[in-house]
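> Sharing a structure with you now.
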Amino acid sequence: MSEDNHAGNIIVNLASLPDFLRTPILKKRMIEFFSKDEADKKEIIFNALEAGPTIPFLNFSKLFKSWLKIVANLSEEHREGMFLAYINQSLLEPEKLIAFNLDGILEMFLQLEENEKETISRTIKRIIENLNEQDRKKLLIMIPNNAKSHLKI
């Protein structure tokens, strides 16, 4: 990973922390995300998508589950902004998703509380419905069928 990938380096370090340290640091970083300008947000998302596959999956899965729990408890506006940022970057570079263990990511989602899963599903569904037809089709091709059924999309 390049030296100037600060967001990626932070993600790698967060992944190796125990829950009681990881969660508050991650939450603080996620709240800071919303105060950034659009260019910085795009860079952070790009770097996160670069860093994710470089993290051993056991560590990544803990980090991702913590991230999902935090996102599920953000305001709807922030939750939608966060998911939309990742979706937009994924639409620009769908090949970034190939390196991820999507079945493992789905497993982390399925371990959430029912209300957290419902909140996340509702937000993602609304984002997808609001995409233009071309982007919606492209995104639905990228999402594995088992994930679509669990997300109810």
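> Near Leu140, within a Cβ-to-Cβ distance under 15 Å, what is the net charge of the other residues, with Lys and Arg +1 and Asp and Glu -1?
Result for the neighbourhood of Leu140: +4.
> Using θ = phi - 60° and the Karplus form 6.51 cos²θ - 1.76 cosθ + 1.60, what ³J(HN,Hα) does each residue of region 103-120 get, whole Hz, x for Gly and Pro?
These are the phi-based 3J(HN,Hα) values: 5, x, 5, 4, 4, 5, 4, 5, 7, 6, 5, 4, 5, 5, 4, 5, 4, 5 Hz.
> With r defined as the distance between the Cβ atoms of Leu112 and Arg136 and R0 fixed at 25 Å, what FRET efficiency is calculated, to the nearest 0.05?
Here the calculated transfer efficiency is 0.50.
> If I take every Cα pair under 8 Å that is 6 or more residues apart in the chain, average their sequence separation and divide by the length, what percent do I get for the relative contact order?
Value for the chain: 24 percent.
> Among the aspartates and glutamates, select those whose C-alpha is under 20 Å from the C-alpha of Lys137, and discard any that sit fewer than 8 residues away in the same chain.
Glu80, Glu93, Glu95, Glu129
> Here is the link list: Lys117/Lys148; Lys36/Lys138; Lys41/Lys65. Which ones come out longer than 18 Å on Cα distance?
Table pairs above 18 Å Cα-Cα are Lys36/Lys138; Lys41/Lys65.
> Quick one: check the C-alpha center-to-center distance for region 10-71 versus region 109-124, whole angstrom.
First find each Cα centre; the distance between them is then 18 Å.
> Here is a follow-up. Go through 78-90, 10-22, 123-135, 29-41 and give me the packing order, highest mean Cβ count within 10 Å leading.
78-90, 10-22, 123-135, 29-41
> On to the next question. Starting at 0 and stepping by 10 Å, how many percent of the alpha carbon pairs of region 58-153 end up in each bin?
Result, from short to long distances: 15, 52, 32, 1 percent.
> May I pose another question? Karplus couplings for region 16-23 from phi (6.51 cos²θ - 1.76 cosθ + 1.60, θ = phi - 60°), rounded to Hz, Gly and Pro as x?
8, 7, x, 3, 5, 9, 4, 4
Taken together, the values in this text are just the output of simple stated rules run on the coordinates, not laboratory data. Just so you know, these numbers come straight off a predicted model, no measurement behind them. FYI the Cβ positions are ideal-geometry reconstructions off the backbone, even for glycines, and counts take in every protein chain you see.
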